[in-house]
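**Q** Starting off with a structure, shown below.
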Amino acid sequence: MENRQQQEHEQEQNQSQKLGNRTESESSVNSMTRFVVPSLDGSPPKIVTIDEVSGIFKDLRNMELAHEIALNPEFKLKQYEPPTHSFEGRVKAMVHKAYWDVLRTQLERQPPQYDQAIRLLAEIKECIPQLVTPNERTLVRINEVLDTDVIRQQAEQGVLDFKSYADFVILILSQSCSAARDEAVAELSMMDDVVDTFRSILELMAMMKLDMANFMLELARKEISANSVQYEKEKLSKYLHEFHGNVGFPATEDWLQRNRSDVSSIQTIYNGYMELIDYPEDKDFPELLRIDKERFAGISWRAQRLILCASLISIAQSPPIISQRPNNRAKLAKQLEIIMQDVKNETQVAAALESCYEQIRCLVNSALSQEQQPDMDEATLASLKSQLMQLSNKTSPVRSLMAKRFYLFVRVSLRADNHIPPPPAGFKEFEEELTALISSILRLISYNHAVFGDQFFKILEKTTPSAPESTSEPAAATPINGIAQVANP
């Protein structure tokens, strides 16, 4: 009996040891964890690994990147830097300091120690070919000068001139960097401390990598823009198939139903686009357009700031010194735009209006003084301030009027044939911003219409199956503002 118990105990120990010795690839969470994707269309549930799930979300992230590049002409890659006072930022600073402190300590020894310096030069040799213009002669020269075996021999013989290698790297970088980095290269050439020089060399190389990445992005932008609509439709279709099936889009359906027109489905979609420019806070944003929710929110507040500026100038030009002096009116309009530029929600409007009142008062009185006219009296100022402060309410008469003119202008622009109409009354002084804003709206709406227009038509067809109009032609084939399916950045 005891022998049998001992054998069982040994078997348990052996089994435990085998499990303990299992390789990480066999026991890791990534490989062992499985997920069940429930069936939404009657087919059997799907079993997927974490890698397969990551692959699906990778497709979605790629779609978002293509979307951003196509819609944002200002899009550029930026170098990531963790916040200075964050844990990551503090660790990074300590590691970098320790690295350069070790290099300095080794170089200051007698005799100098070059282990860290040799590793640094090897890293630079590995990175430089990514930054220089492809040239076989240059690459051969880099490999010859930064030969690790030769550098190690020089170190062992005590004849390594570390500063000369810095000068060589600076020369190579100066021949390949963009003109924007010429000043940084010039500063490198004037540095005496070799450790500081190499630290600055690595910083310059990091900036050159960023320049190269953005250059490649710019070269690819036209191709991305030309194919991004089809790319997004394909990737979104794959994503929706994996995770949604036929589940539908309730927020999108509600958005379209709220804006339903008896005229046609395309009119319903136009109405929906108009609502996106000032979307109700108590309504869920359409799922299909959620990738651009923040972009629409930014456009919404650009529109509100413009409406407020037009309302302000409309009230402020009651004195003839403004209404009859185009230069004064234009000057005041620029000042009002500057004051309002940081307003991003309704809670900030009242304080901004106070500042605008002070600016209007100062400019009007200054203009009156220049023409030897008396300042505005207290009663006039009080009336002016009262009218201006009423603009903090979105339903105030002047703000409502300017909003109505603005939204009518947007609707006309959506229908226009590849041109933006003249600005409506009250917006002439803000024509530059108005044109830029309308261009952004048209680009955003036309792009999303090309991607999702057919989906919108399908939703409307499903919710009104007896509709008399034909929806056999894909909605994306009906361009907005005469713009083709490909949105030009």
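The values are calculated or read from the model by the stated rules, or taken from the named source; none is laboratory data. Note that this is a predicted model, so its numbers are computed, not measured. Cβ placement follows ideal geometry from the backbone for every residue including glycine, while neighbour counts extend to all protein chains displayed. The area values use the complete protein model at the heavy-atom level, side chains included, leaving out ligands, DNA and RNA. Shrake-Rupley method; radii C 1.70, N 1.55, O 1.52, S 1.80 Å.
**Q** Does at least one position in the range 115-127 carry a residue that is part of a helix (DSSP H, G or I), loosely packed, with under 13 Cβ neighbours inside 10 Å and touching a helix residue (DSSP H, G or I) at 6+ places or on another chain (Cβ under 7 Å)?
**A** Yes: one or more hits.
**Q** Could you list, in sequence order, all residues of the range 136-158 that are of a type in the set (Val, Ile, Thr) and modelled with pLDDT of 85 or more?
**A** Passing the criteria: Val140, Ile142, Val145, Thr148, Val150, Ile151.
**Q** Say we look at the range 306-363 and pick out the residues that are closer than 25 Å to Ile277 by Cα and not in a helix (DSSP H, G or I); which of these is most open to solvent (accessible area, probe 1.4 Å)?
**A** Selected residue: Lys344.
For (1) closer than 26 Å to Met212 by Cα; (2) of a type outside the set (A, V, I, L, M, F, W, C); (3) in contact (Cβ under 8 Å) with a residue 12 or more places away in the chain; (4) not assigned by the TED database to the domain that holds Asp196, each residue gets a yes or a no:
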| site | (1), (2), (3), (4) |
| --- | --- |
| Gln116 | no, yes, yes, no |
| Pro129 | yes, yes, yes, no |
| Glu136 | yes, yes, no, no |
| Leu146 | yes, no, yes, no |
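**Q** Restrict the check to the range 435-455 and report whether at least one residue is open to solvent by 30 Å² or more (accessible area, probe 1.4 Å), under 28 Å from Glu253 (Cα atoms) and in contact with a Leu (Cβ under 7 Å, 6 or more places away or on another chain).
**A** yes
Conditions tested, residue by residue: (1) outside the structural domain of Arg305 (by the TED database); (2) part of a helix (DSSP H, G or I); (3) not hydroxyl-bearing (Ser, Thr, Tyr).
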site: Lys385; (1), (2), (3): no, yes, yes
site: Ser400; (1), (2), (3): no, yes, no
site: Ala403; (1), (2), (3): no, yes, yes
site: Tyr407; (1), (2), (3): no, yes, no
site: Val412; (1), (2), (3): no, yes, yes
site: Pro423; (1), (2), (3): no, no, yes
site: Leu437; (1), (2), (3): no, yes, yes
site: Arg443; (1), (2), (3): no, yes, yes
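**Q** Of all the residues that make up the range 192-243, how many are in a helix (DSSP H, G or I), open to solvent by less than 80 Å² (accessible area, probe 1.4 Å) and among the charged types (D, E, K, R)?
**A** Of the residues in that region, 8 qualify.
**Q** Let me ask something else. Could you tell me whether any residue of the range 272-292 is in a helix (DSSP H, G or I), of a type in the set (Gly, Ala, Ser), at pLDDT 90 or above and under 23 Å from Met340 (Cα atoms)?
**A** The answer is no; no qualifying residue exists.
**Q** Take the range 168-202 and flag every residue that is closer than 24 Å to Val140 by Cα and either small (Gly, Ala, Ser) or without any contact (Cβ under 8 Å) to a residue 12 or more places away in the chain (or both).
**A** Within the range 168-202, Leu171, Ser174, Ser176, Ser178, Ser189 meet the criteria.
**Q** Being within 24 Å of Gly298 (Cα to Cα), of a type in the set (A, V, I, L, M, F, W, C) and open to solvent by less than 80 Å² (accessible area, probe 1.4 Å) is true for just one of Met376, Met402. Which residue is that?
**A** The unique qualifying residue is Met402.
**Q** Residues Ala70, Ala93, Ala66: which one is closer than 27 Å to Tyr165 by Cα, among the small types (Gly, Ala, Ser) and within 29 Å of the chain's Cα centre (by Cα)?
**A** Ala93
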